[in-house]
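Colleague: Here's a structure for you.
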Amino acid sequence: DTFVPTSEPLSKNAISIKSKLDTIEVKGRAPKTGYSRSQFGDGWRELGGCDTRNIILARDLRDIRVGNDCDVLFGTLSDPYTGAEINFTRGTTSSSRVQIDHVVALSNSWQTGAQQLNFATRENLANDPLNLLAVDGLANQQKSDGDAATWLPSNKSFRCQYVSRQVRVKVKYNLWVVPAERSAIQSILAGC
């Protein structure tokens, strides 16, 4: 699933996303008991000699340069969350400016059904390009494990795409939504 930055509303797809949202179970958040990042695999999965982080950087950044070891060395991100242009340069102090966000945060997914998935499926969720976006590091840290009821991108023109991705991920992995999350998603979709 290719991410294309756009300010265009999803009006053509909004009805489809609303229909998908209607298929998602609504119930309370499960306890976070037992959650750890390792429940979703040991970091980024390797695929064809590249790890998922570098695959997503190569997909979402433009004007990239890739090293011999498949690492994205530099590029430019049109950050979907803030709307800012971010120059990315790989380095111990600079790489964190661009982070890979799990659109449905892993701890959120754990509390909305992922604890019932087998390990391989959870690992797929953590490395699924549909659930991953290269974003501004600070915005990713501010989001933390928030859902649509507690955090939305400051770039309002991206909110339709953001909640649509969340819905598609939740449907794909049979996760549920909490009532406040569903209301927030419905509210955003109403304007798409």
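The values are calculated or read from the model by the stated rules, or taken from the named source; none is laboratory data. Predicted, not measured: the structure shown is a model, and the values here were computed from it. Please note: Cβ atoms are built from the backbone with ideal geometry, for glycine as well, and neighbour counts cover all protein chains shown. Surface accessibility is based on the protein's heavy atoms, side chains included, excluding ligands, DNA and RNA. Shrake-Rupley method; radii C 1.70, N 1.55, O 1.52, S 1.80 Å.
Colleague: Give me the one-decimal nm value for the distance between modelled label points at LEU73 and SER95, 7 Å along each residue's Cα-to-Cβ direction.
Modeller: Each label point lies 7 Å from its Cα, and together they span 1.5 nm.
Colleague: How many Å² of accessible area per residue for segment 56-192, probe 1.4 Å?
Modeller: Dividing the accessible area of segment 56-192 by its residue count gives 40 Å².
Colleague: Hey, another quick one. Pick from VAL98, VAL72, VAL163 the residue whose mean-square fluctuation is largest in a GNM of the chain, springs joining Cα atoms under 10 Å.
Modeller: Result for the chain, Cα springs under 10 Å: VAL72 fluctuates most.
Colleague: Quick one: among GLU123, GLU25, GLU46, which has the greatest mean-square fluctuation in a GNM of the chain with alpha-carbon springs under 10 angstrom?
Modeller: Of the options given, GLU46 has the highest mean-square fluctuation.
Colleague: Further question: Below 8 Å, C-alpha to C-alpha, sequence gap of six or more: please give me the relative contact order for the chain in percent.
Modeller: On the way: 301 pairs, mean separation 60.4, N = 192.
Rounded, it is 31 percent for the chain.
Colleague: In Å and on Cα atoms, what radius of gyration and Dmax does segment 53-123 show?
Modeller: Rg and Dmax of segment 53-123, Cα atoms, are 14.9, 41 Å.
Colleague: Got a number for carbon plus sulfur as a percent of the chain's accessible area, 1.4 Å probe?
Modeller: Heavy-atom surface of the chain belonging to carbon and sulfur, 1.4 Å probe: 49 percent.
Colleague: Let me ask something else about it. Using Cα centres only, tell me the gap between segment 104-137 and segment 166-192 in whole Å.
Modeller: 15
Colleague: Same structure, new question: Kindly give Rg over Rh for segment 3-115, based on alpha-carbon atoms, with the Kirkwood expression for the hydrodynamic radius. Before the final figure, lay out the partial values.
Modeller: On the way: Rg = 17.4 Å, Rh = 16.9 Å.
Radius of gyration over Kirkwood radius for segment 3-115 works out to 1.03.
Colleague: Which values of log₁₀ I(q)/I(0), to two decimal places, follow from the Debye formula for segment 60-192 at q = 0.14, 0.18, 0.19 Å⁻¹ with a uniform point scatterer at every Cα?
Modeller: The Debye formula, applied to the Cα set alone, gives -0.66, -1.02, -1.10.
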